[in-house]
Amino acid sequence: MKRCPTCQQTFPDTVGDICPNDAASLAYVSETGNPYDNQPRWQQPPAGWATPPQGQFNYKPSLGVGSSSLSTTALICGICATFFPLMAYALASSARDYATIKLAVILMYLTIIMGLTAINLGIVAASLANGDSARKTKGIIGLCLGILPFFIFMMLGLSFNGPGRLF
């Protein structure tokens with residue numbers, strides 16, 4: 001059953017969604033007494049509802065365009081990836097307890113993560129630079145600094161384990 005909220009008349013379900021007396025929208029009425037049956041059904045929104053008025057809501061996201069945050073992040077990750085193995089080497093060479101060695105190992109794992117992140121972000125930042133030389137330079141430097149720890153790992157591996165064994 002449907003009921004008109006204006007004239008309060010009830011109509012069968014075969015009638016359309018508009019009251020024939022006053023052109024108001026009809027609402028479904030529960031015949032079972034369940035209060036949740038009286039909930040309004042989904043209706044098509046009116047024409048022009050989805051488009052905002054002109055001059056309002058002019059948010060335009062800038063993904064990688066006009067922002068140097070990606071290249072700066074690549075540079076910072078590269079710098080961290082370069083200094084973490086040096087700190088780990090200093091900790092491991094002067095370690096007197098097991099906790100310091102564990103900290104050095106954690107720094108080595110962080111170096112791998114930061115190095116790979118700097119390499120990936122450096123490639124993406126350099127490719128999205130769109131002629132901005134400062135962003136492209138930061139991306140390339142971040143890329144190079146991300147590669148550098150892997151050479152440091154090879155040198156530290158050779159100095160700790162001798163030639164032929166890197167880790």
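The values are calculated or read from the model by the stated rules, or taken from the named source; none is laboratory data. Just so it is clear, the structure is predicted and the values come from calculations on it, not from any experiment. Cβ coordinates were reconstructed from backbone atoms using ideal geometry, including for glycine residues, and neighbour counts include every protein chain displayed.
Which pairs turn up if I take residues in the stretch 92-113 that are more than 24 Å from ILE76 (Cα to Cα) and look for partners that are among the small types (Gly, Ala, Ser) and not in a helix (DSSP H, G or I) with beta carbon separation below 7 Å, at least 6 apart in sequence or on another chain?
ILE101/ALA95
I'd like the full set of residues that are among the aliphatic types (A, V, I, L, M), part of a helix (DSSP H, G or I) and farther than 14 Å from ILE76 by Cα, limited to the stretch 124-133.
Taking the stretch 124-133 as the starting set, the residues that turn out to be among the aliphatic types (A, V, I, L, M) are 124-126, 128-129.
Still in the running and part of a helix (DSSP H, G or I): 124-126.
Within the stretch 124-133, VAL124, ALA126 meet the criteria.
Filter the stretch 81-106 for residues that are surrounded by 20 or more Cβ atoms within 10 Å (Cβ to Cβ) and either under 30 Å from the mean Cα position of the chain (by Cα) or within 28 Å of LYS136 (Cα to Cα) (or both) and give the result.
Passing the criteria: ALA81, THR82, PHE84, PRO85.
Which residue is modelled with the lowest pLDDT, if the candidates are limited to the stretch 87-102 and must be farther than 21 Å from LEU148 by Cα and of a type outside the set (Ser, Thr, Tyr)? Break it down into steps so the answer makes sense when it comes.
Looking only at the stretch 87-102, we keep the residues that are farther than 21 Å from LEU148 by Cα, and these are 94-102.
After this cut, where a residue has to be of a type outside the set (Ser, Thr, Tyr) as well, the list is 95-97, 99, 101-102.
Details: ALA95: 79, ARG96: 83, ASP97: 86, ALA99: 86, ILE101: 85, LYS102: 88.
Within the stretch 87-102, the match that is modelled with the lowest pLDDT is ALA95.
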